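For reference, the structure is listed below as structure tokens.
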Amino acid sequence: MNTLLPAFPSDIIAFDVPPQPQIDQHLHANDLPSVTVSNHYGYQSPKHSIPLPFDLINEVLNDYLDCSVEHEDGWININPHNAFNERHTHPGSDLSAIYYHVVPDNSGHLVLTNPHHHTHFNVLSHTKNQNGPALYITPKANQIIIFPSYIEHKVEPNKSTEDRISIAWNIKLTNSN
């Protein structure tokens, strides 16, 4: 009998949430200046409190974690045509999260770089599991994606003529449940 043992996985959690209309009100209620962190040609707000469904998010995280979490302040990303976010990580955090509010067709993948750099060796890039050099995720509206903060990631250029709007934030693991 053959057994495939998943060694050293990096868990990525993706789940849908109900539409969050309060985000629309929040987008228009804040006249915060754009900051430049990882974004190019788009708007990225400074970190601030953003109303997200944290109770629902915590319910999902409880299925995967044996500890409590602390959600940090988030930031708004508005990427118009050709805007993108360069490859980066989130040092000092345990998990990073993205809520996709508006996702037009052809507005770019979230690209997570495999943290195991040896996967670029030929044999590992030809296995039938997700051992390749990157994972390309096509986000959809009302979806949250959570991943370890040490994973390098980027957002491809938005090739749509409509804005892609997302909210990102970091999560810290706290004491055991």
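The values are calculated or read from the model by the stated rules, or taken from the named source; none is laboratory data. If you're wondering where the values come from, they're calculated on a predicted model, not measured in any experiment. Ideal geometry is used to build each Cβ from the backbone, glycine not excepted, and the neighbour counts take in all protein chains shown.
Residues of the stretch 24-73 that are within 27 Å of Asp11 (Cβ to Cβ) and among the aliphatic types (A, V, I, L, M): Val37, Ile50, Leu52, Leu56, Ile57, Val60, Leu61, Leu65, Val69.
Of all the residues that make up the stretch 128-149, how many are surrounded by fewer than 14 Cβ atoms within 10 Å (Cβ to Cβ) and either modelled with pLDDT of 95 or more or basic (Lys, Arg) (or both)? Here the count works out to 3.
If you scan the stretch 42-53, which residues turn out to be of a type outside the set (S, T, N, Q) and either exposed (fewer than 13 other Cβ atoms within 10 Å of the Cβ) or touching a Lys or Arg at 6+ places or on another chain (Cβ under 6 Å) (or both)? Can you show your working first?
Our first condition is that a residue be of a type outside the set (S, T, N, Q); within the stretch 42-53, this holds for 42-43, 46-48, 50-53.
Residues satisfying the conditions are His48, Pro51.
The residue of the stretch 8-56 that is farthest from Ile171 (Cα to Cα), among those that are in a loop (DSSP other than H, G, I, E, B), in contact with a His (Cβ under 9 Å, 6 or more places away or on another chain) and among the aliphatic types (A, V, I, L, M), is Leu32.
Residues that are free of Cβ contacts under 8 Å to residues at least 24 places away in the same chain and touching a helix residue (DSSP H, G or I) at 6+ places or on another chain (Cβ under 7 Å) within the stretch 47-103 are absent altogether.
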